[in-house]
Amino acid sequence: MDYFPGMVLHHPPAEDINLASVLAVLGDPTRLAILRELARKEGQPLPCSHFANTTTSKSNLTYHLSKMREAGIVHVEPRGTSRLVSLRRADVDARFPGLLDSILATLVQSPSAKPLFRGEPAKV
């Protein structure tokens, strides 16, 4: 049962994803942590509830996911009262080859990478 019939979330077409927006959105430690988690589970859409044990509030998480969706980094699909979130790696890689790999590699090397989940060590 869809509680929001006809609800369509805007996702920019791949050709409209722009570098300035992607870099601005990924300039936030929480969004980098979300990116890291989505990359670890790549190919598997994650329900928002997957992030329930995060170090950020539910409303703050919603805000960060919407910024990432608007920039074209993630795809968010409403499913009943839940939403599934997946990384748009193919679209971002098509526009900016190697960008996500470079960002993720930097996170691996950064000892100060923000942990997303409570009790998680600060690394990828």
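The values are calculated or read from the model by the stated rules, or taken from the named source; none is laboratory data. Everything quoted here is computed from the prediction, not taken from an experiment. Glycine also receives a Cβ, built like all others from the backbone with ideal geometry; neighbour counts cover every protein chain displayed.
Just a few scattered comments:
- Exactly one residue out of Ser66, Ser102 is at pLDDT 85 or above, small (Gly, Ala, Ser) and either within 13 Å of Ile34 (Cα to Cα) or part of a strand (DSSP E or B) (or both): that is Ser66.
- Of the criteria (1) surrounded by fewer than 16 Cβ atoms within 10 Å (Cβ to Cβ); (2) in a loop (DSSP other than H, G, I, E, B); (3) at negative phi, which one Thr56 fails: (1)
- Candidates Leu38, Leu84, Leu46, filtered to the one that is touching an Asp or Glu at 6+ places or on another chain (Cβ under 6 Å) and surrounded by 15 or more Cβ atoms within 10 Å (Cβ to Cβ): Leu84
- Residues within the stretch 45-60 that are under 26 Å from Asp16 (Cβ atoms) and at pLDDT 90 or above, tallied: 2
- Test: residue in the stretch 13-25 that is more than 17 Å from Ala94 (Cβ to Cβ) and at pLDDT below 90: no
- Applying a threshold of 9 Å to beta carbon distances and a minimum spacing of six or more residues, or different chains, the list of pairs starting in the stretch 53-66 at a residue that is farther than 17 Å from Val25 by Cβ and ending at one that is assigned to a helix (DSSP H, G or I) and of a type in the set (A, V, I, L, M) reads Thr54/Ala33; Thr54/Ile34; Thr54/Leu61; Thr55/Ala33.
- The lone criterion from (1) over 19 Å from Ala105 (Cβ atoms); (2) in contact with a strand residue (DSSP E or B) (Cβ under 9 Å, 6 or more places away or on another chain); (3) not aliphatic (A, V, I, L, M) left unmet by Thr81 is number (2).
- Scanning the stretch 69-99 for residues that are small (Gly, Ala, Ser) and not in a strand (DSSP E or B) returns Ala71, Gly72, Gly80, Ala90, Ala94, Gly98.
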